[in-house]
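The values are calculated or read from the model by the stated rules, or taken from the named source; none is laboratory data. Nothing here was measured: the structure is a model prediction, and the numbers come from that model. Backbone-built Cβ (ideal geometry, glycine too); neighbour counts: all protein chains shown. Accessible surface areas use protein heavy atoms only, side chains included; no ligands, DNA or RNA. Shrake-Rupley method; radii C 1.70, N 1.55, O 1.52, S 1.80 Å.
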Amino acid sequence: MGVQAQIIKLKGVNFGPVWKGGKVFFGGREAIIKEWRDNLIIVEQPVSAPFGHFNFKIIRKDGFESNYSLPYEVRNPDKL
């Protein structure tokens, strides 16, 4: 769970090397990639992301999509 523009670490395996990279989508909106490694992706949550529950989707540059959706909640900072 987090707020808009928060930095988020996604840990896993086989994301691919930095020179290949890819994209991360957050509820259909593309996140800003801060760092990409084979076992770690660091992204900035889109500021335009609405509040609510969403899933991350990771797509490598070769078109391979993650086979697991990562649930996430964007919370309204006024209601924390």
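Tallying residues that are hydrophobic (A, V, I, L, M, F, W, C) and assigned to a strand (DSSP E or B) within segment 16-35 yields 5. A search for C-beta distances below 7 Å between a residue of segment 1-20 that is at pLDDT 85 or above and any residue that is among the polar types (S, T, N, Q) and open to solvent by less than 50 Å² (accessible area, probe 1.4 Å), counting only pairs 6+ apart in sequence or on different chains, returns Ile8/Gln45. Within the set Asn39, Asn67, the sole residue that is within 20 Å of Lys11 (Cβ to Cβ) and out of contact with any strand residue (DSSP E or B) (no Cβ under 9 Å at 6 or more places or on another chain) turns out to be Asn67.
Residues in segment 42-57 that are in a strand (DSSP E or B) and within 12 Å of Ile8 (Cβ to Cβ): Ile42, Val43, Glu44, Phe54, Phe56.
Can you tell which of Lys79, Lys61, Lys57 is of a type in the set (Lys, Arg), surrounded by 17 or more Cβ atoms within 10 Å (Cβ to Cβ) and modelled with pLDDT under 90? Being of a type in the set (Lys, Arg), surrounded by 17 or more Cβ atoms within 10 Å (Cβ to Cβ) and modelled with pLDDT under 90 holds for just one of Lys79, Lys61, Lys57, which is Lys57.
Only residues that are part of a strand (DSSP E or B), under 15 Å from Gly16 (Cβ atoms) and either among the basic types (Lys, Arg) or touching a residue at least 40 places away in the same chain (Cβ under 8 Å) (or both) were counted in segment 58-80, giving 2. Only residues that are over 12 Å from Tyr72 (Cβ atoms) and either among the aromatic types (Phe, Trp, Tyr) or more than 10 Å from the chain's Cα centre (by Cα) (or both) were counted in segment 22-48, giving 11.
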